[in-house]
Ligand code: GLV
Ligand code: MN
Ligand code: MN
């Protein structure tokens, strides 16, 4: 059993806090009211450069894979290393901490390793486009690494929210080589384990009065789009009985998803959200001839998530058909529930215990790049508390002091895992 390494938590918290505040500055977000940065934008480039410089100063070799996942390692290629990191893109309505705190804390672990002369073999990764803010596809960078995409999707189906051009085109324009995307898998080749720190985005830790949590599993999800076709018509002159109003199918489906998710949740944690709705043509005096809405269904039981999706799809079809309209459901992506590795969980629990830090073992309702890594590498996650569980909002708050505890736990868990 390794000796527990104690760190100067105050100093680590200061450094983590400074990095977080710097990356919330105007050079790193394209919005004045939220953190907003996503793949291939200038503010995202600046953020990668920030990490490049800090890691370069530590003597890490830093590079980007063919689509722009950032990798930094303190051992030559081919040698085993322990992986750690997260993502530094943000939700379009993001806060300072989602993802960024994980990369910043991973950087702090690298600093501590160097400062304390531990000599741990480390590789930091900051995954591209976790939030889907640029291209509407969550975990995109890590799913490319995991081979959970198709070339066709990257060339044509995955399109930028802002201008509708393909991921491929944007990646090339930013100087990357998307045609080499299968080579991105290599960034996991040397990993003996993987750890991601993230804010909890729930309130379990706050309610328990714990600063850190150890994740047992990450909820699976289905993301899909429903397109309803009715008929556009005059909003004043068309009697209520003669309308093919696609908006009514969207509205009824939204409420039905609420009902289905609540019912499923009585058995096992399940949630369902319609987060995007658009009506076509979207004018005050036109009965909507088209409607599009998204489905985000998540839970800790894949069968239940699948059932809710199936039932909601059936409802939309039935409701549209009954009224002379059509509904088409298209899956964007489905990711199964991802359990964390038992040995990594136990290393984290051991490290937290030896640090004298009470912790909660909990599942993650939010998705994380770790879901893509876990298929190839024994993986785990550390959560830190966030105020009232608020996230995907500029109101998001978390404490650098808690992340410093997370850094100590990670450092010791990596040391224990690397040693044994
Ligand atoms: C990731 O940001 C998610 O929505 O789970
Ligand atoms: Mn995140
Ligand atoms: Mn997020």
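The values are calculated or read from the model by the stated rules, or taken from the named source; none is laboratory data. Since the structure is predicted, the reported quantities are computational estimates derived from the model, not experimental observations. Reconstructed Cβ throughout: ideal geometry from the backbone, glycine too, with neighbour counts over all protein chains shown.
In the set (1) outside any loop (DSSP other than H, G, I, E, B); (2) in contact (Cβ under 8 Å) with a residue 24 or more places away in the chain; (3) away from ligand 3 (no atom under 16 Å from the Cβ), the condition left unmet by residue 321 is number (2).
Every condition in (1) touching a strand residue (DSSP E or B) at 6+ places or on another chain (Cβ under 9 Å); (2) farther than 17 Å from residue 292 by Cβ; (3) assigned by TED's automatic domain parsing to the domain that holds residue 81 holds for residue 159 except the one numbered (2). The condition of being over 21 Å from residue 43 (Cβ atoms), touching a helix residue (DSSP H, G or I) at 6+ places or on another chain (Cβ under 9 Å) and within 16 Å of ligand 2 (Cβ to nearest atom) holds for only one of 155, 143, that being 143.
Inside segment 366-375, residues that are within 13 Å of ligand 1 (Cβ to nearest atom), buried (at least 19 other Cβ atoms within 10 Å of the Cβ) and part of a loop (DSSP other than H, G, I, E, B) make up a count of 3. In segment 90-131, the qualifying residues are those that are within 13 Å of ligand 2 (Cβ to nearest atom) and part of a strand (DSSP E or B), and the one that is surrounded by the most Cβ atoms within 10 Å (Cβ to Cβ) is 127. Checked against (1) within 15 Å of ligand 3 (Cβ to nearest atom); (2) buried (at least 24 other Cβ atoms within 10 Å of the Cβ); (3) outside any strand (DSSP E or B), residue 86 meets all criteria but (3). Do you know which residues across segment 327-346 are crowded, with 18+ Cβ neighbours inside 10 Å and part of a helix (DSSP H, G or I)? If the condition is that a residue be crowded, with 18+ Cβ neighbours inside 10 Å and part of a helix (DSSP H, G or I), then 344, 345 are the ones that fit.
Mind telling me which of the residues 408, 349, 357 ends up being away from ligand 3 (no atom under 16 Å from the Cβ), assigned to a loop (DSSP other than H, G, I, E, B) and more than 22 Å from residue 127 (Cβ to Cβ)? It would help to see each step written out before you state the result.
Working: 408 fails: assigned to a loop (DSSP other than H, G, I, E, B); 349 fails: assigned to a loop (DSSP other than H, G, I, E, B).
Exactly one residue qualifies, and that residue is 357.
Residue under question is residue 355, and the condition is that it be buried (at least 19 other Cβ atoms within 10 Å of the Cβ), touching a residue at least 40 places away in the same chain (Cβ under 8 Å) and either within 16 Å of ligand 1 (Cβ to nearest atom) or not assigned by TED's automatic domain parsing to the domain that holds residue 109 (or both); does it hold?
Details: buried (at least 19 other Cβ atoms within 10 Å of the Cβ): yes; touching a residue at least 40 places away in the same chain (Cβ under 8 Å): yes; either within 16 Å of ligand 1 (Cβ to nearest atom) or not assigned by TED's automatic domain parsing to the domain that holds residue 109 (or both): no.
No; evaluated as a whole, the condition is false for this residue.
For segment 204-219, the candidate set comprises residues that are part of a loop (DSSP other than H, G, I, E, B) and in contact with a strand residue (DSSP E or B) (Cβ under 8 Å, 6 or more places away or on another chain); within that set, the residue that is nearest to ligand 3 (Cβ to nearest atom) is 219. Please work out if residue 197 is surrounded by 15 or more Cβ atoms within 10 Å (Cβ to Cβ), in the same structural domain as residue 397 (by TED's automatic domain parsing), under 21 Å from the mean Cα position of the chain (by Cα) and more than 16 Å from ligand 2 (Cβ to nearest atom). Here the answer is no, as residue 197 does not meet what is asked. You will find that of 420, 393, the residue that is modelled with pLDDT under 95 and either closer than 30 Å to residue 147 by Cβ or in the same structural domain as residue 32 (by TED's automatic domain parsing) (or both) is 420 and no other.
Please indicate, with yes or no, whether at least one residue in segment 230-240 is over 14 Å from residue 310 (Cα atoms) and assigned to a helix (DSSP H, G or I). Steps first, answer last, please.
So the first thing to find is which residues in segment 230-240 are over 14 Å from residue 310 (Cα atoms), and the list is 230-240.
After this cut, where a residue has to be assigned to a helix (DSSP H, G or I) as well, the list is 240.
Yes, the conditions are met somewhere in segment 230-240.
Looking at segment 274-313, which of its residues are within 16 Å of ligand 2 (Cβ to nearest atom) and in contact with a helix residue (DSSP H, G or I) (Cβ under 8 Å, 6 or more places away or on another chain)? First the steps, then the outcome.
In the first step, residues of segment 274-313 are kept if they are within 16 Å of ligand 2 (Cβ to nearest atom); the result is 275, 296, 298.
If the condition is that a residue be within 16 Å of ligand 2 (Cβ to nearest atom) and in contact with a helix residue (DSSP H, G or I) (Cβ under 8 Å, 6 or more places away or on another chain), then 298 is the only one that fits.
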